[in-house]
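Data block below; observations after.
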Amino acid sequence: DEHYDPRAVQDKWQARWAELDPFEAVETGEGPERRYALDMFPYPSGDLHMGHAEAFAIGDVVARYWFQRGFNVLHPIGWDSFGLPAENAAIKRDSHPAEWTYANIETQAASFQRYAPSFDWTRRLHTSDPEYYKWTQWLFLRFYDRGLAYRKGGHVNWCPKDQTVLANEQVVGGHCERCGTLVEKRVLTQWYFKITDYADRLLADMEQLEGSWPERVLLMQRNWIGRSTGADVDFVIEGRDEPVTVYTTRPDTLYGATFMVVAADAPLAEEVCAPAQRAAFEAYREEVSRESEIERLSTEREKTGVFLGRYAVNPVNGERLPVWASDYVLAEYGHGAIMAVPAHDQRDLDFALKFGLPVRVVVETGQADPAETGVATPGDGAIINSGPIDGLDKAEGIAKIIEILDERGTGRASVNFRLRDWLVSRQRFWGCPIPIVHCEACGEVPVPDDQLPVRLPEGLRGADLAPKGTSPLAAASDWVNVECPKCGGAARRDTDTMDTFVDSSWYYFRYCSPGYEDGPFDVERVRRWMPVDQYTGGVEHAILHLLYSRFFTKVLYDMGMVDFTEPFRRLLNQGQVILNGSGMSKSTGNLVDLGEQIGEFGVDVVRLAMLFSGPPEDDIDWADVSPHGMSKFLARVHRIATEVSSAPGADAASGDIALRRATARAVDEATKLVETQRFNVAIARIMELVTATRKAIDSGPGAADPAVREAAEAIAVVLSLFAPYTAEEAWELLGGTAPLIRAGWPSADPALLVEESVTCVVQVAGKVRDRLEIPPAIADEELERLALASPKVQEALAGADIAKIIVRAPKIVNIVPKR
Ligand code: ANZ
Ligand code: ZN
């Protein structure tokens, strides 16, 4: 019947699956191979939207495929439930963030139950539950024990709207990643995680991910870590005991240095500044502190700076270089000071031209004089004006200079990373409290493990949470004032909460043993389930979340808690769902409503439409998607199952051979396509098989033919990955037992995969000389090659040159020798 309504069977099967529990991961030491399918857990902002639908459909396909293959599958779900939106909602509605959060979680959970139902719900977790954040705090303290969590004062990014600090990673183009407000700099004492200690390993271990993570994600991670190699060079400063060290990637241009620049906001600038220049310097520094990051980093902007009244001595030639302060040198990179080589570095050249400083070419690049063109020449070439390294090229020059500096003890090879330590404290309420107490006598005191979790104080709500620039927790005086765990004296709790990226850096470990009470996870169970076989989620997490998770895993490895160093074996970033070019996200509003689509077409249709629209990595333009077409297709599947259901079962081997071959090919290809995540093509293969089956019923051997049943069963099993409800219904019609997910994956009989062959006649000078058995779809070139390779043809040619070959694949090849 063409009137099949995919919505009609959803509730029935959802209830049956809930009874049968086929998706619960089985905890046994032995048994089948295990697979861990992980989806990036959602933030509970309202109901699920089209973006979720895309990501979770993909994750569900992967998990279902593994279930169907008979693996022991872990496919958990949970919520990343701390965070600012809940707090802002609570302020607006005069309520508690938990109310909004947990109400939204329930809404999303209900939607998930219908939409992507292969989760193991027994492992559900929420990062805002005290049972979860207890272990986030425990991990914080282990980081603290290892010197990986520390407090320091310094310039931090401050969002004036959200009234909280931001990690460097959360500042995009100078603006708050979340709300778009221009970010300011503030001097504050904050908690950091020492991710820089792991920079080398974060980079080196990427080798394990090569080929199984998207290339662009690896590239983004590499750029973010930003390893560069060069040299540290020590410059003596006249009138100062301590030399100033600069980091340079071009020590080969050391003879071209004509001045030095110190970051205006670095303490070094203040230290180096001569008394006569102090007033000018302080005025300049004041100016810089008012600038936004975006202004500072702009290349368009004219350079600014001030002379510090001192000279640095070039260690290789004794030249005196004036020392300047400027904002284009960053306090937090390298040593916060540079040697300026204006001929070969554009920023230095802009500065030199602005302030009338000398420009000296030391590399012959064949380009025009930078002092005249205003264009620096950063390329390679023969070194000149550089004493002992004249005539060398860049690589040789770098090696030689480092050797010279090394000998004199005035410099050394050096490696730098762009990666900064991870700022983890936030001045907001709805997050994981930092388990530290500040005591006047003892200083920072960790909360003892047996006093965890440090729960969020009760009683704060609504306006109490409004941003004030200090943490709202500070207002809960009963909560803040505690006894020092060490000396028993009066002490205060740390009032900051952790960046929610801390919560999400380890949730996938917790899924392995969600109720575990003796630690963040059961080491044995993590050994059983991890690493994650496939992680599915948005490319917006390509840097932060993945980098932090990789960092956590390495720390856990160093703690001896896990025996692997990378948490995610394979990564898939799904594309976005868009509508005619406008991104559909929370910020732009949901233009297509998932609930409405499901209401109109049913879950199977929405899933199928998403998955069929293109490769999973590509964006989906919902305007191009055809739910009606998918609906018709499912009706055809259902109709075939209905027609076959009344036919008696019989040995498939006696069935129609052409359809049997088509089924075997479809299964074989679909398997490979699912393995390589080309789901859209896999669906296309099933559609072709449906068409072939229809033809066999209508104008071939009919619905009672055993090959038709075989095809119908294969269709149901493969389709179950993409349209699980219709597939299960069809399976039942065919006499199968629920749940279909336990029916096993079909395997294609290799004998049926061998292509049929046809006979090709090969003529030489009009005479038949050979007959070749070849596949019917052979290409002309391939057939020509085979014909010429035939010994009988070679014999007939007897060494004669060939005038012409006429190929009519797959029937005939005619070879005309020269006379
Ligand atoms: C002299 C020089 C000559 C440089 C030349 C470049 C070209 P990456 O590759 O990103 O590591 N630099 C060093 N510390 C800096 C800081 N704190 N703020 C701004 N710039 C800084 O860049 C390293 C290069 O950036 C260094 O090499 C230095 O300039 C500059 F023809 O030294 B170079
Ligand atoms: Zn104390």
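Below, the figures for the structure above:
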| quantity | calculated |
| --- | --- |
| Complete set of residues in the range 192-239 that are in a loop (DSSP other than H, G, I, E, B) and under 21 Å from residue 405 (Cα atoms) | 238 |
| Close pairs from the range 426-443: first more than 18 Å from residue 188 (Cβ to Cβ), partner of a type in the set (Phe, Trp, Tyr), Cβ under 7 Å, at least 6 apart | 430/82; 432/82; 432/133; 435/140 |
| Some residue of the range 494-501 being surrounded by 17 or more Cβ atoms within 10 Å (Cβ to Cβ), touching a residue at least 24 places away in the same chain (Cβ under 8 Å), assigned to a loop (DSSP other than H, G, I, E, B) and within 16 Å of ligand 2 (Cβ to nearest atom) | yes |
| Any hit, the range 746-758, residues being without any contact (Cβ under 8 Å) to a residue 60 or more places away in the chain and either closer than 24 Å to residue 607 by Cβ or touching a helix residue (DSSP H, G or I) at 6+ places or on another chain (Cβ under 7 Å) (or both) | no |
| Boolean, residue 454 is in contact with a Lys or Arg (Cβ under 9 Å, 6 or more places away or on another chain) and either farther than 22 Å from residue 95 by Cα or away from ligand 1 (no atom under 16 Å from the Cβ) (or both) | yes |
| Qualifying residue in the range 480-493 (condition: in contact with a helix residue (DSSP H, G or I) (Cβ under 8 Å, 6 or more places away or on another chain), outside any strand (DSSP E or B) and more than 16 Å from ligand 2 (Cβ to nearest atom)) | no |
| Residue satisfying condition, being surrounded by fewer than 19 Cβ atoms within 10 Å (Cβ to Cβ), at pLDDT 95 or above and on the phi < 0 side of the Ramachandran plot, within set 229, 189 | 229 |
| Boolean, residue 280 is farther than 25 Å from residue 342 by Cβ, assigned to a helix (DSSP H, G or I) and among the small types (Gly, Ala, Ser) | no |
| Test: residue in the range 262-276 that is modelled with pLDDT of 95 or more, farther than 21 Å from residue 327 by Cα and either surrounded by 16 or more Cβ atoms within 10 Å (Cβ to Cβ) or within 16 Å of ligand 2 (Cβ to nearest atom) (or both) | no |
| The listed residue being part of a helix (DSSP H, G or I), in contact (Cβ under 8 Å) with a residue 12 or more places away in the chain, crowded, with 19+ Cβ neighbours inside 10 Å and touching a Ser or Thr at 6+ places or on another chain (Cβ under 9 Å), out of 634, 611 | 634 |
| Residue that is farthest from ligand 2 (Cβ to nearest atom) [pool: residues in the range 327-339 that are surrounded by fewer than 24 Cβ atoms within 10 Å (Cβ to Cβ) and under 26 Å from residue 372 (Cα atoms)] | 328 |
| Residue list for the range 730-763, restricted to those being among the charged types (D, E, K, R) and farther than 23 Å from residue 73 by Cα | 732, 749, 755, 756 |
| Number of the condition not met by residue 692 [criteria: (1) modelled with pLDDT of 95 or more; (2) not in a helix (DSSP H, G or I)] | (2) |
| Pick from the range 450-471, criterion surrounded by 15 or more Cβ atoms within 10 Å (Cβ to Cβ) and touching an Asp or Glu at 6+ places or on another chain (Cβ under 6 Å), ranking: nearest to residue 191 (Cα to Cα) | 471 |
| Members of the range 782-800 that are part of a helix (DSSP H, G or I) and aliphatic (A, V, I, L, M) | 783, 786, 787, 788, 789, 793, 796, 797 |
| Verdict on residue 433 being away from ligand 2 (no atom under 16 Å from the Cβ), surrounded by 15 or more Cβ atoms within 10 Å (Cβ to Cβ) and at pLDDT below 95 | no |
| Number of positions in the range 319-372 that are over 20 Å from residue 394 (Cα atoms), more than 8 Å from ligand 1 (Cβ to nearest atom), outside any helix (DSSP H, G or I) and at pLDDT 95 or above | 11 |
| Residue within the range 415-438 that is over 28 Å from residue 196 (Cβ atoms), outside any loop (DSSP other than H, G, I, E, B) and either acidic (Asp, Glu) or away from ligand 1 (no atom under 16 Å from the Cβ) (or both) present | no |
| In the range 244-267, the residues that are more than 8 Å from ligand 1 (Cβ to nearest atom) and touching a His at 6+ places or on another chain (Cβ under 8 Å) | 244, 245, 265 |
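So that you can scan it fast, the table gives a plain yes or no per residue for (1) over 30 Å from residue 35 (Cβ atoms); (2) away from ligand 1 (no atom under 16 Å from the Cβ); (3) in a helix (DSSP H, G or I):
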site	(1), (2), (3)
464	yes, yes, yes
467	yes, yes, no
513	no, yes, no
524	no, yes, yes
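The values are calculated or read from the model by the stated rules, or taken from the named source; none is laboratory data. Note that the coordinates shown come from a computational prediction; the quantities given were computed from them, not determined experimentally. FYI the Cβ positions are ideal-geometry reconstructions off the backbone, even for glycines, and counts take in every protein chain you see.
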